Amino acid sequence: MSANAEVLRNSGLVGSRVQEAARPQVVVSESNDWNPADFARQQIRGLVQRVFLANGSVPLRQVVFSAVGQQQDVGGLCEQVGEALALETHADVAIVGREHSSAQTVKASQHTTAGAIKTRSTRLTSNLWRVPGFDPRDCGEASGTAAYWLFCLAELREEFEYSVIQGPEAGVSNEAALLGQLTDGIILLLGAHSTRKAIARNVKQSLEGAQSRILGTVLRERRFPVPERIYRRL
């Protein structure tokens, strides 16, 4: 994901959960140079705090990230969000990919043993795991269906307090909309120079028509022509 990604606000495309994300804390070096990497980290941290850790609201545990268009690095965004979330909490966090694990896992007809998902996942830190996608053979359901995802999400809840889920491209199939219904919500990833506004609005309307909960959007590849001294006043 580009270092200059940011959480969008007041775009007309975002939901209330991320729409009023915390303003970035711009880090100013001794040379007064604005650092886009620091800005991006602050934006990701603000997204995590607003979505997963907001005080006084119902906590969100399972959130899907989906791209509008094929050129967006959803996996990279999920990695960044998962890493930031793991730093903010002592709870167990899963970054759920879309690849199927080659390891043999527990079948749906059996009771899942404690730690079954963690056993076949990559542990990144003390409380962060990278989880491969679920093989349809493990639950006996066709991949991407409601039954398939109900099984997968239930299994994740058994072992992780938080799941950052890499979803399919939004608007291409019904799977992204389905995940937006079954999880706590969906966040859309847009490209500043590749995602057309009309397409983004169509995807938004389609998801809303399917009763998916849109939490917000994230914009990547944005350029910042405004001088650093202006950002210091934000």
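The values are calculated or read from the model by the stated rules, or taken from the named source; none is laboratory data. Nothing here was measured: the structure is a model prediction, and the numbers come from that model. Don't worry about glycine lacking a Cβ; one is built from the backbone with ideal geometry, like all the others, and counts go over all protein chains shown.
A few notes on this one:
- Failed criterion for residue 159 (all others in (1) in contact with a Lys or Arg (Cβ under 9 Å, 6 or more places away or on another chain); (2) of a type in the set (D, E, K, R); (3) surrounded by fewer than 19 Cβ atoms within 10 Å (Cβ to Cβ) hold): (3)
- Residue 119 being at pLDDT 90 or above and among the β-branched types (Val, Ile, Thr): yes
- Screening residue 143 on (1) modelled with pLDDT of 90 or more; (2) surrounded by 15 or more Cβ atoms within 10 Å (Cβ to Cβ) shows it passes everything except condition (1).
- Within segment 38-95, tally of residues that are more than 15 Å from residue 184 (Cβ to Cβ), among the aliphatic types (A, V, I, L, M) and touching a Gly at 6+ places or on another chain (Cβ under 6 Å): 1
- Looking across segment 153-191, the residues that are without any contact (Cβ under 8 Å) to a residue 60 or more places away in the chain and over 22 Å from residue 58 (Cα atoms) come down to 172, 173, 174, 175.
Per-residue answers, yes or no, for (1) touching a strand residue (DSSP E or B) at 6+ places or on another chain (Cβ under 9 Å); (2) exposed (fewer than 15 other Cβ atoms within 10 Å of the Cβ); (3) modelled with pLDDT of 80 or more; (4) of a type in the set (Val, Ile, Thr):
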site: 26; (1), (2), (3), (4): yes, no, no, yes
site: 29; (1), (2), (3), (4): no, yes, no, no
site: 40; (1), (2), (3), (4): yes, no, yes, no
site: 44; (1), (2), (3), (4): yes, no, yes, yes
site: 58; (1), (2), (3), (4): no, yes, no, yes
site: 62; (1), (2), (3), (4): yes, no, yes, no
site: 66; (1), (2), (3), (4): yes, no, yes, no
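- Selection count, segment 80-91, where residues are assigned to a helix (DSSP H, G or I), in contact with a helix residue (DSSP H, G or I) (Cβ under 9 Å, 6 or more places away or on another chain) and among the hydrophobic types (A, V, I, L, M, F, W, C): 4
- Residue 77 modelled with pLDDT of 90 or more, within 15 Å of the chain's Cα centre (by Cα), part of a loop (DSSP other than H, G, I, E, B) and of a type outside the set (D, E, K, R): no
- Test: residue in segment 158-172 that is in a loop (DSSP other than H, G, I, E, B) and at pLDDT below 90: yes
- Single match in 209, 216, 191 (criterion: at pLDDT below 85 and either out of contact with any Phe, Trp or Tyr (no Cβ under 7 Å at 6 or more places or on another chain) or surrounded by 15 or more Cβ atoms within 10 Å (Cβ to Cβ) (or both)): 191
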